[in-house]
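To start, the structure itself, in structure tokens.
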Amino acid sequence: MSCQSGTAGGIKIKRRKKILMICYYYPPLTDVGCRRSVAFAKYFKKYGWTPYVLSVKNPDKTYCSVGNDIPPQGIYTEYSYSLVNIYKFFGKLNGLFTRIMRFFGIEIKRNYFYDIFCIPDFFWGWIPTTTLKGHELIKKFDIDMIYVSCKPISCAIIGVLLKFMTGKSLILDFRDQFSLENYYTFLRMPYFRRKINRFIEGFLLNRADVFIVVTKQMKESYIHQYSQVRDKIFTVHNGFDSDLLPLEGISSRYPKFTVVYAGDFYFYRLNSEIFFEAVGLLKKRGKIDRNNFQFLFYNDGKREIERISENYGIEDLLIANPRISYGDILIVIAKSHLQLLRVLMLAVPTKLFDGISLNTPFLATIPTGEASDIIKKYSPSSYIITEDSSDKVAEAILDAMGKYRNNEILDNRVEEFLKKYSRGNLALKLIRIIEKNLR
């Protein structure tokens, strides 16, 4: 591989010149999965590497969110077509099948068309064209190595194919788990699909040269399940892009006490109503009303949020909004008094890094684990509630309202936090991992 010496952040590194990044989630897509790839491309270039990004020309708009975002300036980006986008088609087919089976008294609770025809996932139509385009780019630009951002896991298939075709080293970066045996989505799958996914994942990990995950707990789980990857698995968290600070247009918090939530609410995977029950209790007790309290929600799921709010009689305290741009949501978080946080198992969500960096405390209804440890260390005025107790959530809201009135809220330890979790420093960490393990 072509290299040259240099320094970044005061640390001497050997700079491999060229890296092909296979990233389905990339601008103009706006899904949260884009941010990690965008940041790595940006900082790879800043630290002396030359990234070449390959993304999708015709993303599945039923499953993904397409906006007006553009790639970072100066990053070479190409797009390849997916031969077919199947998510919507099999969704409608399953709806028809479900209605037919009801005539026979059979209730279908799972989309088996997805299980049978969407292997390894909904995005397999992108594999052929992207493999060919990736091979073309590797030869054209004499690229040194291949980086793949997953999900979708179809990207990893592309990466392995390109490794076979070119002999280049392969870095797999899993933003989410795929087939960990103790994970919610894996356990709900039919037995045959669990076996298939487990085989695919083992096949991919055995052929990767470096395997990156986003949390320590996720790393431990993968090592437990695949002991053969122990020496090539590393944690690089999601982090926050410190170049976005300071945000413009923020002078103070909202006039009303504001709790914000932005992103997937995981309605059917977590206890989704404990927060709403707590707000309902406070309203009944006369502690909050529409003049001094509001809950802001941003994402898909607006109707479900409104339905739950109506069940607890708090619809007047809720403002449910569709998705907005990442820059705009950062301003909303920075102006809010608390950010509601809910996490899936093994996850340390990007909104955690956003909230700490923007100096907004959390109302975290989460289990004890890595996410709670990070919050305790860097956000002293946050509230971590590990029990399914609406009373404790209500107490936390009242306590925070009182502390804000009395100017007793402590600042997050932002500077210390960003030294470890800024996107730039995490990209540098990834560079050092790659250089040490791809010799």
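The values are calculated or read from the model by the stated rules, or taken from the named source; none is laboratory data. All values reported here derive from a predicted model rather than from experimental measurement. As a convention, Cβ positions derive from the backbone with ideal geometry for all residues, glycine included, and neighbour counts pool all protein chains shown.
Looking at 351, 377, just one residue is over 25 Å from residue 254 (Cα atoms), in contact (Cβ under 8 Å) with a residue 12 or more places away in the chain and either in contact with a Leu (Cβ under 8 Å, 6 or more places away or on another chain) or in a helix (DSSP H, G or I) (or both), and that residue is 377. When restricted to residues that are in a loop (DSSP other than H, G, I, E, B), in contact (Cβ under 8 Å) with a residue 60 or more places away in the chain and either aromatic (Phe, Trp, Tyr) or within 30 Å of residue 145 (Cα to Cα) (or both), the stretch 387-439 contains 1.
Restricting the stretch 157-180 to residues that are under 18 Å from the mean Cα position of the chain (by Cα) and either over 21 Å from residue 216 (Cα atoms) or modelled with pLDDT under 95 (or both) leaves a set whose member that is surrounded by the fewest Cβ atoms within 10 Å (Cβ to Cβ) is 176.
If the condition is being part of a loop (DSSP other than H, G, I, E, B) and among the polar types (S, T, N, Q), then the stretch 361-374 contributes 365, 368.
Conditions tested, residue by residue: (1) in contact with a helix residue (DSSP H, G or I) (Cβ under 8 Å, 6 or more places away or on another chain); (2) on the phi > 0 side of the Ramachandran plot; (3) modelled with pLDDT of 95 or more.
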residue	(1), (2), (3)
54	yes, no, yes
59	no, no, no
97	yes, no, no
112	yes, no, no
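Does residue 127 count as among the β-branched types (Val, Ile, Thr), over 15 Å from residue 54 (Cα atoms) and out of contact with any strand residue (DSSP E or B) (no Cβ under 8 Å at 6 or more places or on another chain)? Taking the combined requirement at face value, the residue does not satisfy it.
Out of the residues in the stretch 56-98 that are within 22 Å of the chain's Cα centre (by Cα) and surrounded by fewer than 15 Cβ atoms within 10 Å (Cβ to Cβ), which is farthest from residue 110 (Cα to Cα)? Applying the filter and picking the extreme gives 70.
Here 298, 326 are screened, and the one residue that is under 21 Å from residue 397 (Cα atoms), aromatic (Phe, Trp, Tyr) and either in the same structural domain as residue 387 (by TED's automatic domain parsing) or out of contact with any Leu (no Cβ under 9 Å at 6 or more places or on another chain) (or both) is 298. Summed over the stretch 288-331, residues that are surrounded by fewer than 20 Cβ atoms within 10 Å (Cβ to Cβ), assigned to a helix (DSSP H, G or I) and of a type in the set (S, T, N, Q) total 1.
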